[in-house]
């Protein structure tokens, strides 16, 4: 039996009567894939939203005019409709005549996160700047809020395993569409029947993963690392022939920037990534303060674009291949050796950009539920499962703030749990203001999680705060607890501070300098081995600064290679 047809997603537009024909005409280019509905009053907008909500029709975009008959403010109507349809993207539409008068209020409301952007209603044909913004929001909505129409990878899971959550997280971070199937689906039964274990009379070992993306292979008892090795960048073993110019360990913003600039400038460049391309930044639902993206960009999209750039210039990227150790050059002019479980690479220069990892909460009952309602990081792949559930976010940094705002689109409530007295000490001001303006979010300061549990999925948490302990229902827990450097795999000769962050340049203790001179900027205590991004002692822990450090490393590598050539 085929699945019932899903209703087409809608674009709900509410403007003044004289603007409705113009707006409807502009949005007709989306009519093949979306139902375009334009109404001329607040009352009609509420009725249309209620109808769509009742019918289970997804709404991708709310476009509301600065002025709409039946209400004193279009922004008030936009907020009202968004409470009914929280996953829809929000655009305020204004006319050129009203633009000057509306701009101060629009800017103030935008800064407080009350809507996503404002746009001038086009007055002529082919206003592609207008449609660029619209398609960006539709793309974002289509990736995060709807079931993918294109199926890149099929996952079959009849046991609700934590590994399935990790596989989906990897695929989401890589921008690969996928769908989760029950073993009872007709498409699943055909795949399962072909498994050697089933043909031998045994039950299938879940999760089962299959896709043309992985060459038609069928993985039984699949792991995220197996999928990572097969899906992107590493269908073949790590190339161990010859000596490469630059090996980059880690593919966060620093590693990707170095890959783009290194490969574009002629360096034979290899990137090793233990998980998904993008690193911790790749899990961010929306980065709003990165230069050049006024409407913001998700960490996945930023990493995806950088990945395409790097591979276009010839960089080779291996996912699911963690570096296990570095063997420093035995003598000047000799290569460094980077060891992985898939082979060893000899490199004239190495950039360590493995970043940081979130600290563990250390509560055994919650650790057992990781991937089953408990997640380290933003885990955007899990947000759709949070619909209608009470969710808790632990942490006071920007990543926690971004996760809370994003989860508020789905969850019945979002509670930020932070030990400090306020968020302003550790979070950017724009996020503090946006959190304050997002009704489903509450902040509990001076509070920590002390216990939690559930049978097969997280069901409850116990919080300890100024007024004592309290047990609360919980459908999701997202832990963003601060950062520990991923540096324990480095050799002792690479100097680190007491927390494990890597010293570079003038940060290196003077007793480790050579001939009274510090290493080059971003160079570690091993000549030709560099560190950039969050792993580096003294770094700013921001996407932009990490990207800058990664790019700057390439000039240092060129200088190092010139020295080797001279020798």
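Give 113, 65 a once-over and let me know the one that is in contact with a helix residue (DSSP H, G or I) (Cβ under 6 Å, 6 or more places away or on another chain), touching a residue at least 24 places away in the same chain (Cβ under 8 Å) and more than 20 Å from residue 36 (Cβ to Cβ).
Details: 65 fails: more than 20 Å from residue 36 (Cβ to Cβ).
Testing whether each residue is in contact with a helix residue (DSSP H, G or I) (Cβ under 6 Å, 6 or more places away or on another chain), touching a residue at least 24 places away in the same chain (Cβ under 8 Å) and more than 20 Å from residue 36 (Cβ to Cβ) leaves just 113.
Identify, from the list 77, 61, the residue that is touching a strand residue (DSSP E or B) at 6+ places or on another chain (Cβ under 8 Å), part of a helix (DSSP H, G or I) and modelled with pLDDT of 95 or more.
From the options 77, 61, the qualifying one is 77.
Would you tally the residues in the stretch 257-292 being assigned to a helix (DSSP H, G or I), at pLDDT 95 or above and under 18 Å from residue 338 (Cβ atoms)? Step through it out loud before you land on a result.
Restricting attention to the stretch 257-292, the residues satisfying the condition of being assigned to a helix (DSSP H, G or I) are 257-264, 279-283.
This time we only want the ones that are at pLDDT 95 or above, so: 257-264.
Within this subset, residues satisfying the condition of being under 18 Å from residue 338 (Cβ atoms) are 258-259, 262-263.
Qualifying residue count, the stretch 257-292: 4.
If you go through the stretch 6-55, how many residues are loosely packed, with under 13 Cβ neighbours inside 10 Å and closer than 16 Å to residue 69 by Cα?
Adding up the residues that qualify gives 4.
Sort out which residues of the stretch 22-36 are closer than 15 Å to residue 62 by Cβ and assigned to a loop (DSSP other than H, G, I, E, B), and write them in order of number.
34
Only residues that are in contact with a strand residue (DSSP E or B) (Cβ under 7 Å, 6 or more places away or on another chain) and either surrounded by 14 or more Cβ atoms within 10 Å (Cβ to Cβ) or not in a strand (DSSP E or B) (or both): list them for the stretch 461-471, please. Steps first, please.
Here is the first cut: in the stretch 461-471, the ones in contact with a strand residue (DSSP E or B) (Cβ under 7 Å, 6 or more places away or on another chain) are 461-465, 469-471.
Matches in the stretch 461-471: 461, 462, 463, 464, 465.
Restricting the search to the stretch 326-361, which residues are in a strand (DSSP E or B) and within 23 Å of residue 539 (Cβ to Cβ)?
The answer is 326, 336, 338, 347, 349, 350, 351, 352, 356, 357, 358.
Run down 350, 370 and say which single residue is within 27 Å of residue 322 (Cβ to Cβ) and surrounded by fewer than 21 Cβ atoms within 10 Å (Cβ to Cβ). Break it down into steps so the answer makes sense when it comes.
Details: 350 fails: surrounded by fewer than 21 Cβ atoms within 10 Å (Cβ to Cβ).
Going through 350, 370 in turn, the sole match is 370.
Pick out the one residue from 179, 168, 173 that is part of a strand (DSSP E or B), within 24 Å of the chain's Cα centre (by Cα), within 24 Å of residue 87 (Cβ to Cβ) and in the same structural domain as residue 223 (by TED's automatic domain parsing).
Numbers: 168 fails: part of a strand (DSSP E or B); 173 fails: part of a strand (DSSP E or B).
Result of the check over 179, 168, 173: 179.
Quick check, is residue 244 farther than 11 Å from residue 320 by Cα, under 21 Å from the mean Cα position of the chain (by Cα) and at pLDDT 90 or above?
Working: farther than 11 Å from residue 320 by Cα: yes; under 21 Å from the mean Cα position of the chain (by Cα): no; at pLDDT 90 or above: yes.
In short, no.
Restricting to the stretch 116-147, what's the tally of residues that are in contact with a strand residue (DSSP E or B) (Cβ under 9 Å, 6 or more places away or on another chain) and either in contact (Cβ under 8 Å) with a residue 60 or more places away in the chain or under 19 Å from residue 284 (Cα atoms) (or both)? Please lay out each step first, then the result.
At the first step, the residues of the stretch 116-147 found to be in contact with a strand residue (DSSP E or B) (Cβ under 9 Å, 6 or more places away or on another chain) are 116-121, 127, 129-130, 133-134, 136-138, 140-142, 145-147.
Those still in the list that are either in contact (Cβ under 8 Å) with a residue 60 or more places away in the chain or under 19 Å from residue 284 (Cα atoms) (or both) too: 116-117, 121, 127, 130, 133-134, 136-138, 140-142, 145-147.
Qualifying residue count for the region: 16.
Of everything in the stretch 98-109, what is within 31 Å of the chain's Cα centre (by Cα) and touching a residue at least 12 places away in the same chain (Cβ under 8 Å)? Give them in sequence order.
Residues satisfying the conditions are 105, 106, 109.
Given the residues 551, 555, 562, 546, which is the only one that is in a helix (DSSP H, G or I), within 30 Å of residue 284 (Cα to Cα), out of contact with any strand residue (DSSP E or B) (no Cβ under 8 Å at 6 or more places or on another chain) and free of Cβ contacts under 8 Å to residues at least 12 places away in the same chain?
Numbers: 551 fails: free of Cβ contacts under 8 Å to residues at least 12 places away in the same chain; 562 fails: within 30 Å of residue 284 (Cα to Cα); 546 fails: free of Cβ contacts under 8 Å to residues at least 12 places away in the same chain.
Checking each option against the conditions leaves just 555.
Any residue that is out of contact with any helix residue (DSSP H, G or I) (no Cβ under 9 Å at 6 or more places or on another chain) and touching a residue at least 60 places away in the same chain (Cβ under 8 Å) - is there at least one of those in the stretch 78-85?
yes
Condition check: touching a residue at least 40 places away in the same chain (Cβ under 8 Å), within 30 Å of residue 184 (Cβ to Cβ), in contact with a helix residue (DSSP H, G or I) (Cβ under 7 Å, 6 or more places away or on another chain) and surrounded by fewer than 22 Cβ atoms within 10 Å (Cβ to Cβ). Does residue 58 satisfy that?
On the way: touching a residue at least 40 places away in the same chain (Cβ under 8 Å): yes; within 30 Å of residue 184 (Cβ to Cβ): yes; in contact with a helix residue (DSSP H, G or I) (Cβ under 7 Å, 6 or more places away or on another chain): no; surrounded by fewer than 22 Cβ atoms within 10 Å (Cβ to Cβ): yes.
So residue 58 does not fit the description; no.
The values are calculated or read from the model by the stated rules, or taken from the named source; none is laboratory data. Computed from a predicted model, the values in this text were never measured in an experiment. Cβ: placed from backbone, ideal geometry, glycine included. Neighbour counts: every protein chain shown.
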